[in-house]
Protein chains: 2
Amino acid sequence: VTTPPDVLDSSDPLAAFRDRFVVDDDLVAYLDGNSLGRVPKATVERLATFVSEEWGSRLIRGWEDSWVDLPVAVGDEVGAALLGAAAGQTVIADSTSVNIYKLLHAAAATRPDRDEIVIDATNFPTDRYLVESVAAARGMTVRWLEPDLVDNVTVELLGAELGDRTAVVVLCQVDYRSGTLVDLPALTALVHDAGAVVVWDLCHSVGVLPIALDAAQVDFAVGCTYKYLNSGPGSPAFMYVADRHLAEVTQPIAGWWSAADLFAMSDTYEAAPTIRRMLSGTPSVAGIVAVQEGVRLIAEAGVDAIRAKSEALTAYTIELLDDAGVELVTPRDADLRGSHVTVRHLDARRIADQMIARGAVPDFREPDLIRLGLSPLSTSFAEVEAGVRILVEVAAGARR
Amino acid sequence: VTTPPDVLDSSDPLAAFRDRFVVDDDLVAYLDGNSLGRVPKATVERLATFVSEEWGSRLIRGWEDSWVDLPVAVGDEVGAALLGAAAGQTVIADSTSVNIYKLLHAAAATRPDRDEIVIDATNFPTDRYLVESVAAARGMTVRWLEPDLVDNVTVELLGAELGDRTAVVVLCQVDYRSGTLVDLPALTALVHDAGAVVVWDLCHSVGVLPIALDAAQVDFAVGCTYKYLNSGPGSPAFMYVADRHLAEVTQPIAGWWSAADLFAMSDTYEAAPTIRRMLSGTPSVAGIVAVQEGVRLIAEAGVDAIRAKSEALTAYTIELLDDAGVELVTPRDADLRGSHVTVRHLDARRIADQMIARGAVPDFREPDLIRLGLSPLSTSFAEVEAGVRILVEVAAGARR
């Protein structure tokens with residue numbers, strides 16, 4: 001490696017954004033922003049104001065003031081800034097898991113004459129478990145893709161498994177282990193060619209790379225906000241339903257917030273004609289407010305600039321790891337990866353523990369992976385250099 | 001009315017608890033704590049500390065520090081302090097609506113040879129809508145009870161509708177409109193006599209009166225935390241599953257947080273052997289932390305003392321309203337009501353709006369009801385007197 005990290009930092013157009021986060025000097029390097037993002041300083045302020053002034057002072061009147069519209073209003077902000085989604089197709093609600101559950105039922109109901117849900121075996125556990133649960137409940141069959149961890153789901157692999165029985169395909173845009181970025185537009189088109197619909201899990205891609213759901217004619221999508229959207233542990237997730245499905249889409253958790261008139265307390269249920277029909281119960285206002293701060297910070301920086309820095313950060317990380325001869329499971333082509341880099345090592349758990357003991361926080365994933373998450377707005381090149389140096393030093397003392 | 005409100009306040013053993021809440025002097029009377037409770041000062045502090053120190057400083061390590069155990073740990077606090085529930089049966093998770101959905105499926109699955117869900121037409125909309133959704137999904141029939149609004153569900157009414165087909169009965173302990181408190185132990189026993197299971201919605205009773213779920217052998221229960229538990233708009237709900245059902249109980253939103261080993265990222269799903277199997281996705285840590293502060297405040301005061309004050313507050317409110325000749329739909333027998341008092345008036349919406357304009361906040365419910373919610377820890381008798389006086393003055397100028 002020739003360029004020193006301070007030179008990289010001083011020429012980084014997004015460097016100043018690091019000061020917009022709470023950064024604890026006790027940590028040498030926080031390389032887990034892809035599990036839980038740092039706290040934006042604006043969020044500290046906003047939550048304090050929300051608790052004291054909105055909840056504390058407006059009390060129940062807060063719902064009419066603005067809270068009741070927040071799930072869609074902030075959903076639209078996420079859609080516009082991060083998803084390439086026109087207004088009215090995105091809501092903030094519940095958790096990723098609950099939203100996947102709703103979307104799986106919604107998606108399957110659009111193809112009542114088909115009985116297969118396709119998902120890859122490398123997908124995140126909650127997606128896989130929920131596909132199994134929903135398939136069982138609907139009398140459908142799960143068809144498993146078995147991709148290579150690094151290549152992940154390719155057009156060839158998926159194409160071979162689609163057919164007249166395929167109702168729904170569930171895919172992650174960026175693999176939570178390898179960091180592999182798959183071809184969302186091409187895979188979406190392939191699913192449509194087979195007459196099926198797709199549910200995209202954007203948890204590891206939203207906020208770090210440009211996404212164009214409308215342009216790709218994606219059907220359904222879901223993602224979390226506690227990673228690159230920096231909205232806090234267990235912050236609410238988002239859900240996207242393409243406009244063309246909205247009028248017909250149904251979901252099973254048909255609580256009062258999904259009804260056409262929330263406060264009518266009607267005798268009979270009628271689903272809202274809008275994206276609100278995907279809601280269920282009362283949303284966490286504090287949670288949505290934190291999402292709003294998170295998405296505004298990203299919008300201010302711009303996703304294209306963030307993607308450019310993400311590519312530079314992952315390239316730099318790979319360079320450092322290659323110099324040390326550490327094994328990677330992340331693609332070397334920047335176009336094929338998201339914003340984390342993953343090391344494979346027999347002693348991964350012990351290395352991760354020892355790194356944490358030395359103030360560098362990565363993420364361990366069973367059984368032998370160490371993820372280095374590089375959150376472009378809050379991660380500096382100096383931080384990456386320090387963290388990787390510790391990883392390499394610790395690994396040098398570990399069994400191979 | 002003979003006793004002036006300041007005398008009642010000065011002899012109120014819980015009077016000092018009012019200072020533990022953020023109380024905005026701009027409001028003459030906040031009589032809607034049964035929709036959204038006031039902010040405990042401890043919660044303002046705790047949330048600020050949580051954001052800056054726990055999330056901000058511990059970051060991802062917070063999950064291992066304590067967050068991962070919070071849903072059950074705080075559930076146990078709610079169970080012990082408020083529900084009469086031994087440890088291991090209560091979790092904090094999701095919203096009331098999502099939890100009702102899970103519990104309805106879980107409850108119905110315990111009676112696979114039966115096909116009816118019984119619910120009253122006076123029940124809260126989300127309960128009714130979800131019963132209809134779950135019944136449709138499972139090929140079951142909904143049997144509707146049609147109780148009188150004031151009497152609500154009696155043993156006689158329910159007894160006449162139970163039979164060999166009854167799988168699940170869904171009831172509210174306190175009616176959200178009239179405030180009627182039904183006989184939870186007797187109704188639960190009746191359901192069991194019919195060989196069915198019961199799901200209790202405790203939204204309008206939890207925190208203001210003693211509840212003994214274990215003693216009554218209740219099967220399942222759910223409730224929210226943003227009313228008398230003062231945990232903020234859209235704070236997470238709780239869910240109770242009796243120990244005897246836990247080993248067999250299943251729920252459809254089988255996300256990763258319901259799995260036996262959360263971080264194993266296992267190929268195959270295995271439900272946790274504990275109450276954690278009722279979880280789905282990543283819980284809102286900020287939300288659960290706020291619930292913890294709310295329940296601790298109630299535990300400190302004691303539910304019996306709170307119930308005594310609640311009875312005094314509702315009795316005083318009824319006395320004032322009776323003096324003014326206002327029509328009520330709340331039982332006059334203190335044993336038969338919860339902690340809100342409801343007025344019926346043709347001009348209810350306009351009266352509520354005018355009350356709010358004058359700084360007294362009640363709750364309007366379609367089409368002709370005004371609820372006065374009396375949250376014992378934060379509501380003073382002086383506040384009640386001022387609020388009711390405004391109601392009576394406004395009503396005197398309204399059409400009858």
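The values are calculated or read from the model by the stated rules, or taken from the named source; none is laboratory data. Keep in mind that this is a model prediction, so the values were computed, not measured. With ideal geometry, Cβ positions are generated from the backbone for all residues, glycine too; neighbour counts draw on all protein chains shown. All accessible areas refer to the heavy atoms of the entire protein, side chains included, with ligands and DNA or RNA removed. Shrake-Rupley method; radii C 1.70, N 1.55, O 1.52, S 1.80 Å.
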Practice problem: Look at B:LEU313 and say whether it is touching a Ser or Thr at 6+ places or on another chain (Cβ under 8 Å), under 30 Å from A:ASP175 (Cα atoms) and touching a residue at least 60 places away in the same chain (Cβ under 8 Å). | Solution: no
Quiz item: Quick one: in the stretch A:123-146, which of the residues that are away from chain B (no Cβ under 11 Å) and among the aliphatic types (A, V, I, L, M) is nearest to the chain's Cα centre (by Cα)?
Solution: A:LEU145
Quiz prompt | Residue check, A:ARG177 within 22 Å of the chain's Cα centre (by Cα), closer than 24 Å to A:ASN99 by Cβ and among the basic types (Lys, Arg) | solution = yes
Self-check item: The one condition in (1) surrounded by fewer than 24 Cβ atoms within 10 Å (Cβ to Cβ); (2) under 23 Å from A:ALA108 (Cβ atoms) that A:CYS172 fails to fulfil
Solution: (1)
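Can you report the number of residues in the stretch B:232-259 which are more than 10 Å from chain A (Cβ to nearest Cβ) and either under 17 Å from B:ALA85 (Cβ atoms) or not acidic (Asp, Glu) (or both)? Walk me through how you get there before you give the answer.
We begin by selecting, within the stretch B:232-259, every residue more than 10 Å from chain A (Cβ to nearest Cβ); these are B:238-249.
Those still in the list that are either under 17 Å from B:ALA85 (Cβ atoms) or not acidic (Asp, Glu) (or both) too: B:238-247, B:249.
Count: 11.
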Exercise. Give the residues of the stretch B:111-122 that are under 23 Å from the mean Cα position of the chain (by Cα) and part of a strand (DSSP E or B), sorted by residue number.
Key: B:ILE117, B:VAL118, B:ILE119, B:ASP120
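Only residues that are among the acidic types (Asp, Glu) and free of Cβ contacts under 8 Å to residues at least 12 places away in the same chain: list them for the stretch B:67-104, please. Please lay out each step first, then the result.
Within the stretch B:67-104, the first condition is being among the acidic types (Asp, Glu), and the residues that meet it are B:69, B:76-77, B:94.
The one that is among the acidic types (Asp, Glu) and free of Cβ contacts under 8 Å to residues at least 12 places away in the same chain: B:ASP69.
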Quiz item: Yes or no: A:ASP183 within 14 Å of another protein chain (Cβ to nearest Cβ) and either over 23 Å from A:ARG344 (Cβ atoms) or crowded, with 21+ Cβ neighbours inside 10 Å (or both)?
Solution: no
Quiz item: Mind checking which pairs have a first residue in the stretch A:231-252 that is surrounded by fewer than 22 Cβ atoms within 10 Å (Cβ to Cβ) and a second that is part of a loop (DSSP other than H, G, I, E, B), Cβ under 6 Å, 6 or more apart or different chains?
Solution: A:ALA242/A:ASP219; A:ASP243/A:GLN89
Quiz item: What is the number of the single condition among (1) surrounded by fewer than 22 Cβ atoms within 10 Å (Cβ to Cβ); (2) away from chain B (no Cβ under 12 Å) that A:ILE117 does not meet?
Solution: (1)
Exercise. Take the residues in the stretch A:378-389 that are of a type outside the set (A, V, I, L, M, F, W, C) and open to solvent by less than 40 Å² (accessible area, probe 1.4 Å), then tell me which one is farthest from the other protein chains (Cβ to nearest Cβ).
Key: A:SER380
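Examine the stretch B:236-251 for a residue that is closer than 17 Å to A:ASN123 by Cα, modelled with pLDDT of 95 or more and part of a helix (DSSP H, G or I), and state whether such a residue exists.
Let us first name the residues in the stretch B:236-251 that are closer than 17 Å to A:ASN123 by Cα, namely none.
No - not one qualifying residue is present in the stretch B:236-251.
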Quiz item: Has the stretch A:200-208 got any residue that is out of contact with any strand residue (DSSP E or B) (no Cβ under 8 Å at 6 or more places or on another chain) and at pLDDT below 95?
Solution: no
Exercise. Scan the stretch A:260-293 for residues that are more than 22 Å from A:GLY62 (Cβ to Cβ) and facing another protein chain (nearest Cβ under 10 Å) and jot them down.
Key: A:SER266, A:ASP267, A:THR268, A:TYR269, A:GLU270, A:ALA271
